[in-house]
1. Suppose we filter region B:300-340 for residues that are crowded, with 21+ Cβ neighbours inside 10 Å and outside any helix (DSSP H, G or I); how many remain?
2. Could you tell me which residue of region A:500-510 is farthest from the other protein chains (Cβ to nearest Cβ), considering only residues that are open to solvent by 10 Å² or more (accessible area, probe 1.4 Å) and modelled with pLDDT of 90 or more?
3. Quickly run through region B:598-636 and pick out the residues that are under 17 Å from B:Pro498 (Cα atoms) and open to solvent by 10 Å² or more (accessible area, probe 1.4 Å).
4. Output the number of residues of region A:374-383 satisfying the condition of being open to solvent by 40 Å² or more (accessible area, probe 1.4 Å) and either at the interface with chain B (Cβ under 7 Å from one of its Cβ atoms) or not in a helix (DSSP H, G or I) (or both).
5. Could you please tell me which pairs satisfy a Cβ distance under 8 Å, a separation of 6+ or placement on different chains, a first residue in region A:223-242 that is surrounded by 24 or more Cβ atoms within 10 Å (Cβ to Cβ), and a second residue that is charged (D, E, K, R)?
6. Considering only region B:519-527, I want to know if a residue exists there that is away from chain A (no Cβ under 11 Å) and within 18 Å of B:Thr178 (Cα to Cα).
7. Give the residues of region B:385-402 that are assigned to a helix (DSSP H, G or I), more than 11 Å from chain A (Cβ to nearest Cβ) and under 18 Å from B:Ala234 (Cα atoms), sorted by residue number.
8. Return the only residue of B:Gly128, B:Gly173, B:Gly184 being within 14 Å of another protein chain (Cβ to nearest Cβ), buried (at least 24 other Cβ atoms within 10 Å of the Cβ) and either modelled with pLDDT under 95 or under 16 Å from the mean Cα position of the chain (by Cα) (or both).
Protein chains: 2
Amino acid sequence: MNFITLSLVAGAAAIIYGIIQTIRILNLPKGTPDMIAISDAIAEGAQAYLARQYKVIGAIAIVIFAILWFWMGALPAFSFVIGAALSATAGFVGMNVAVRSNVRVATAAKKGLKEALITAFAGGSVTGLMVAGLALIAVAATYLLTQKFGGSLNPLITLGFGASLISVFARLGGGIFTKGADVGTDMVGKIEAGIPEDDPRNPGVIADNVGDNVGDDAGMAADLFETYVVTAIAAMILGEIVLKGNPAAISFPLAIGAGAIIASIIGTFFVHPGNSKAIMPALYKGLIAASVISIIIFYFLTGAIMGGNLKVFATTLIGIFVTFGMVVITEFYTSKGYGTVKHIAEASATGHGTNIIAGLAASMKSTFAPIILISGATLASYYLYGLYGVALAAMSMLSLTGIVVAIDAFGPITDNAGGIAEMTNQPEKVRDVTDALDAVGNTTKAVTKGYAIASAGLAALVLFASFTQELAKFGHNVSFSLSDPKVLIGLFIGASLPYLFAAIAMEAVGAAAGAIVTEIRRQFKEIKGIMSGRAKPEYGRAVDIVTKAALKEMIVPAILPVIAPIIVGFTLGAAGVGGLLIGVITTGLFVGISMTTGGAAWDNAKKYIEAGHLGGKGSDAHKAAVTGDTVGDPYKDTAGPALNPMIKIVNIVALLIAPFLL
Amino acid sequence: MNFITLSLVAGAAAIIYGIIQTIRILNLPKGTPDMIAISDAIAEGAQAYLARQYKVIGAIAIVIFAILWFWMGALPAFSFVIGAALSATAGFVGMNVAVRSNVRVATAAKKGLKEALITAFAGGSVTGLMVAGLALIAVAATYLLTQKFGGSLNPLITLGFGASLISVFARLGGGIFTKGADVGTDMVGKIEAGIPEDDPRNPGVIADNVGDNVGDDAGMAADLFETYVVTAIAAMILGEIVLKGNPAAISFPLAIGAGAIIASIIGTFFVHPGNSKAIMPALYKGLIAASVISIIIFYFLTGAIMGGNLKVFATTLIGIFVTFGMVVITEFYTSKGYGTVKHIAEASATGHGTNIIAGLAASMKSTFAPIILISGATLASYYLYGLYGVALAAMSMLSLTGIVVAIDAFGPITDNAGGIAEMTNQPEKVRDVTDALDAVGNTTKAVTKGYAIASAGLAALVLFASFTQELAKFGHNVSFSLSDPKVLIGLFIGASLPYLFAAIAMEAVGAAAGAIVTEIRRQFKEIKGIMSGRAKPEYGRAVDIVTKAALKEMIVPAILPVIAPIIVGFTLGAAGVGGLLIGVITTGLFVGISMTTGGAAWDNAKKYIEAGHLGGKGSDAHKAAVTGDTVGDPYKDTAGPALNPMIKIVNIVALLIAPFLL
């Protein structure tokens, strides 16, 4: 059996694992009718949102499909559709399982922490393994197709483009939806009406819960599907050029992916709290098991495919090392146990302004260690095995996607479970369990965002290397000298894109929040008996309004990274595009890391105060911390994560237009 | 008379102008004894601060002086001291005139707007023309010395290094002082004790006024002195290499400087409100007059020195164009008349969080137009006359320093005048005048910050070009290919420095504010009768405490850009340093522009509400806007402006160590 077939088998195994887990979850008790009603409302809203989001993207995709067919032929056009469709599928399936898991987690919480934890993680693992499995199959199958039809690797590039396109829309649309609903609902509910979070009397409460799913689940899934696909593709393209047609160059990245999927499946069985109450260690056990098994498999794969070259093996270790490095760094900056979060909390005691200053300083500071880590990894893997070595390190990092996304997708499920428990007035014992899970879910969401941005950065660097090699194939000078003003100006323009993109995304959240605020105020005024609980709010209307706002707001920023390389390419040429790519990667990494880490730090500073420090809930310090959390929301859940696909789509488009830049 | 002598004469003219203006100001009536007492307290605090700041920097400078002497010889070591001393002198003289002008402006305000405006601008023009005059003399004289002793241009580089060192300390120390005092004083005074701004019962009120002078005046003066010096030097070094010893290469940048100084002196006479009440147009009249006269002079200088080459003349026009472009762009984003400020004000109506989100989005968005402007200017001037063309555009922009700094230094004088009027309970008519001047001062401060950062960016690019040419002289490959991982990693590390630097600076403001808060609380508690006005607060103690905090906090961030290129140089070599320089310029520009513009927008959003919109002073919207202003303070007055010298000092150090990188 060759290694391409092996990767198809491993991908299929991941999907089968997902199906089995889904069946198991669906067979768990759903809970009381009121819980089911809420869960159904969330599921309905989430599906309605995704359906409309995909319709909008579909319209854009059809235009691009036509252009690609006309320009590159049928196969690249169809690969584009496959990339887009599978990315959408990964998000769709994951989210559908999540919205069915949430109510079952709330019900399992009645039995205890262990049951609830295992159910929530099972739900998350479906998303995780679907993402990794579908991505690996997409790449391997498309590669086989290219071999059947002419051998050009162009269809791989369009596959990545399709995935990227869905991903940037999903991250933006989902991110704008989730934070627009969150901020808007809290603004009227908590501040104006004085009712608690997740109170069923608030017309926006279902929209808020829908947001967790479309943003943190479907959005994250599409994002990592895309990062996985483009990293594998870039590694294969680079490998083919660097190893000059040696089939190992194609096999090895796919084999790494296959091995780590098997390791991730095994790793999921290690997620178990045992007799302890420690949730985070239970999740990390799974990650560590998957990593150790992956390393062992990588060692044997290096022997089988790369002649046992230890330098090659070392590059795969670097990828795993970066994963753990990002986990440790992000935990340090965002966990309540360390100085940064405490410092922000203490700054809240002197007011809103000082909370924000402390948070902004922390967010900027938190970029340094990740950048040094990514730089060191790039340099080390380059000196071990050249550009292909960097690609392998990136692929090794991404190969853990299955288990990492499983841990991440745990977050929105527990968040929803907590909401359902709250809305249906479950006993305190149950809410204690869901609260504990939700708190950990917040940390895993932060940590995996660090993983996502670091891997996006590495992936983008590998794409950039592919772009240079692609140009070199046509005999183009690819030194991209910083002394060339076109390169420099391209770099400046590229650097401006993440700033512009993030600014538009933040303003979009404001617009979406404004829309739902108006609607909630209207319902409070027009529907008599809402506040006394006699009349039910029109949850669906609120969902509908945020949906429209999010879809409207996502278009402009999503198109920005697609057209920028085309405009720069046809004005400043290849040199300008080379600079553009590095510019967008550079500030993309800084803005992305500072936003995701800073946002999580603000969030946990608020939670630290809510845990009883500095006067606790309701104190002035708490009010200032809520302000910080409000600012952190679009930072960490909209603009920050949307930068991941954004920096890659610029690179993918550059790769597509490379032949025309000469 | 040759053009180097001409530039010495023009520099002397600027200094003589400054002396005459100073005498005129000192002859104006000082006002009532209580006004004089306050003005004296401010002057005393500011002088005490500067004396101690220079003592700290002096200690560091002596070490560097010794290293330079040992390493490069006596002349470069002495030029370093001259650069440092003249930069300090520019700040010292300017500030001393400012602290004497403030009370005279407050007194002149009794006569009317026209008298107060003319007095305030006269005070500012001393700083402006001292900066430009001293800078031009420093460069021309040091060049003459190099010609006398061996001809190496190294002493010019160390001259720039000395100026940079003072500048980064002055910006940081002054910035931390001014905002630490401002934020801390407001926190206890306005929020805890409920007394208005500039209330004489507040023990921190003198420290706050001292801060305006040491930050906005002395800091700004040192900054622009340095930018002027390094731009002229880099242009001369580049010119010598590119024009291969043609003396015109040295003469022309100096001649541009000389011509624009004469034009700036003439321009100051155009600053006059005439019969109208419009303050801003009166100031702009001076800038426009100086620019038009400069352009005419540049045309004739091009004829006399550069053979009437119209391409060369065009590069000087580009410099003037960038100046006006930055004025227009910054006004657009920070003025109350346009959408951005109104949008932030409206977002304040829904809370602290939404104010901050809107402000952050605006700050990020505001980077785009300046970057396109700088990019376009660089590209155009490069295609007109190569690297030397870029240098000439930068020099032309900087040549307007005299008039621009004059308009800027107007700001802290009017700010202080307002404070003195408030503290001495002047009649409303007087305060109306000082308030109007103060409001315009805020805008001019914002606008000239845009000028400072854009010119710093251009200057840094010219320094980078000098660095590459310096390496090329030794036969080094200076392509700095982005495909070289060392260049790329250097670029990432460079990009991280402005983030780290700005984060430390923001935290330093927090620390300094914390120190003065404790002191003010102590005085309120221990000194009986402060609140009833029977006992006088110990203003000096508060000044002393902020001084200590600012000086302590400035050391680490100021040293960061000095050692970074040395560390990167000796680990990643010349390639790494090349990347480092571009990295630091790139994110330095983005972080710098976003902070200075964003901060000013927040400030004016607050003022917009205070002008009666959205509920006016005391409304919830106003409270949220005050939060935004508090965040904007360290953004626009500490971290943002300190990035100007920071991005240049990295480039200067690289130029110094260039011979060792081979």
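1. Of the residues in that region, 1 qualify.
2. The initial filter retains those residues of region A:500-510 that are open to solvent by 10 Å² or more (accessible area, probe 1.4 Å), namely A:500, A:504, A:507, A:510.
Next cut, modelled with pLDDT of 90 or more only: A:500, A:504, A:507.
Numbers: A:Leu500: 5, A:Ile504: 8, A:Glu507: 5 Å.
Per the stated criteria, the residue is A:Ile504.
3. B:Tyr635, B:Lys636
4. 1
5. Pairs that qualify, where the first residue is surrounded by 24 or more Cβ atoms within 10 Å (Cβ to Cβ) and the partner is charged (D, E, K, R), are A:Asp223/A:Arg171; A:Glu226/A:Lys648; A:Thr227/A:Lys648; A:Val230/A:Lys648; A:Ile237/A:Glu470.
6. From region B:519-527, those away from chain A (no Cβ under 11 Å) are B:519-527; that's our starting set.
With the extra rule that they be within 18 Å of B:Thr178 (Cα to Cα), the set shrinks to B:519-520.
Yes.
7. Kept after step one, since they are assigned to a helix (DSSP H, G or I), are these residues of region B:385-402: B:385-398, B:401-402.
Okay, now just the ones that are also more than 11 Å from chain A (Cβ to nearest Cβ), so B:385, B:388, B:391-398, B:401-402.
B:Tyr385, B:Tyr388, B:Ala391, B:Leu392, B:Ala393, B:Ala394, B:Met395, B:Ser396, B:Met397, B:Leu398, B:Thr401, listed by residue number.
8. On the way: B:Gly128 fails: within 14 Å of another protein chain (Cβ to nearest Cβ); B:Gly173 fails: within 14 Å of another protein chain (Cβ to nearest Cβ).
None of the others qualify; the one that does is B:Gly184.
The values are calculated or read from the model by the stated rules, or taken from the named source; none is laboratory data. Worth saying up front: this structure is predicted, and the values here are computed from it rather than measured. Here Cβ is always computed from backbone atoms with ideal geometry, including for glycine, and neighbour counts include all displayed protein chains. Surface areas here come from the heavy atoms of the whole protein model, side chains and all, with no ligands, DNA or RNA. Shrake-Rupley method; radii C 1.70, N 1.55, O 1.52, S 1.80 Å.
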